[in-house]
Amino acid sequence: MTTSARPSRALAAVIERLIDRFGARVGLEEPLGPRCTYRVGGSARVLVAVRTATELEDLAVILAEDRVDVLCIGRGSNLLVSEHGFDGVAVVLGDGLAHIDVQGTTVLAGGATLLPVLARRTVAAGLRGFEWAVGVPGSVGGAVAMNAGGHGSDLASSLLRAEVVDLHVAGSRRWWSAAELGLRYRGSALGASQVVLRAELALTPGDRDEAEALLAEVAAWRRVNQPGGQNAGSVFTNPPGDSAGRLIDAAGAKGLRHGSAKISRKHGNFIQADAGGLATDVYALMGEVRLRVLAAGGPLLMPETRLIGFDEPLPPDPRRPQSAGAIS
């Protein structure tokens, strides 16, 4: 299901141009649930599978003309799409953009490269500094966009620069420095239309056996402390000096259920969706958890999950006056 019965005139024109250029790799009303780790949600009006850097640049030429809404899916490990779907162009990067090139202590990785694959590859090359990523089920491009991290480190600790294509600006392909990327806690300066083509990392040489042991430790910790099933990792970012999981536990929300979604009993900052469940249930549960933490005297939790297609914002903090654009 998408947000309207027919595409807008601009989007209809874009779809025609996309089919002319990409042919069978353009899908209409493509379900996004199977492409996201929650495995729930609606469809994209149109989805394009891009295999090469040149194709991504060609896509930008087409989309720059009308600037319709764009959504880069990545591995869908930090994404929740409503049943209304996404009324724009969803973009998926193919395996041709998942390359890894190790030159000494410098590593160049394609935007579609899986983080666990990159972590193991760098360790095999005798490099240290990326072991933390072995348990993060995302892609390099998504990791740059949100400055992914864990186990005391993040992408900002090793990222030198990233090559970016703005899908709303033809001919925009260029390298962004780490300073331009503006990496911060679970965020960056990149917008929705800006797609990471490649990232360059600076790692350090080290003992491979020690690195392998750390990989195993990180993977084991995640198996013990984080739930499996249909989830998208941490739901909320950690407030300064605290953790969202602790606050959710303290509010008595562990195990809370709304329809087909429930708070994990293993980790309070994870929501698990039932097979065949609804994205709206996950979203409603996020709102309920937010209110419970507030009622228990905690801060307003901010979503780490990227939310697409939801008509109503998450409940704001009732203790503070709200502007016209409530934080969601």
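Since every read-out is calculated from the coordinates, none of them should be taken as a lab result. Owing to the predicted nature of the structure, the values given are computational and were not obtained by experimental measurement. All Cβ positions, even for glycine, are placed from backbone atoms using ideal geometry, and neighbour counts span all protein chains on display.
Length, then width, then depth: along the principal axes, the Cα atoms of segment 226-318 run 35, 30, 19 Å.
Less than 5 angstrom separates the built amide H of residue 91 from those of 48, 71, 72, 73, all sequence-distant by 5 or more or on a different chain. Ranked by the mean number of other Cβ atoms within 10 Å of their residues, highest first, the peptides 103-114, 10-21, 277-288 fall in the order 277-288, 103-114, 10-21. In the set (i) 39, 20, 16; (ii) 30, 29, 17; (iii) 36, 20, 19, the label that goes with semi-axes √(5λ) of the Cα gyration tensor in Å computed for this structure is (ii).
Given a Förster radius of 35 Å and the C-beta distance between residue 12 and residue 177 as r, what FRET efficiency does 1/(1 + (r/R0)^6) yield to the nearest 0.05? Computed FRET efficiency for residue 12 and residue 177 comes out at 0.35. A dipole drawn for segment 29-109 from +1 and -1 charges on Cβ atoms has a positive end, and of 93, 48, 109 the residue lying farthest that way is 109. Considering only 59, 269, 279, the residue lying farthest towards the positive end of the dipole of the chain is 269, judged by Cα position with unit charges set on Cβ. Using a ≥ b ≥ c from the Cα gyration tensor of segment 98-223 (square roots of the eigenvalues), is it rounded, prolate or oblate, where a/c under 1.5 gives rounded and otherwise the larger of a/b and b/c decides, a/b for prolate? Cα axes put segment 98-223 in the prolate bin.
For the chain, a crude dipole built from +1 on the beta carbon of Lys and Arg and -1 on the beta carbon of Asp and Glu, taken about the Cα centre, is about 620 debye to the nearest 20.
Given the convex hull of the Cα atoms of segment 3-81, what is a quarter of its surface area in nm²?
Approximately 5.3 nm², given one-decimal rounding.
Membrane-span-like helices in the chain, defined purely by DSSP H runs whose alpha carbon atoms cover 18 Å or more axially and whose average Kyte-Doolittle hydropathy reaches -0.5, are 9-22, 53-66, 208-225, 279-295.
The local environment of residue 235, defined by Cβ-Cβ distances under 14 Å, has a net charge of +4 under the rule Lys, Arg +1 and Asp, Glu -1. Distance between the C-alpha centres of segment 136-187 and segment 220-283: 25 Å, rounded to the whole angstrom.
Calculated FRET efficiency, residue 221 to residue 246, Cβ-Cβ distance, R0 = 22 Å: about 0.85 to the nearest 0.05.
Dipole magnitude of segment 9-93 about its Cα centre, charges +1 at Lys/Arg Cβ and -1 at Asp/Glu Cβ only, in debye to the nearest 20?
Working: 10 positive and 12 negative charges, 58 e Å.
Dipole size: approximately 280 debye.
Sorting 93-100, 262-269 by average packing, meaning the other beta carbons within 10 Å per residue, from highest down gives 262-269, 93-100.
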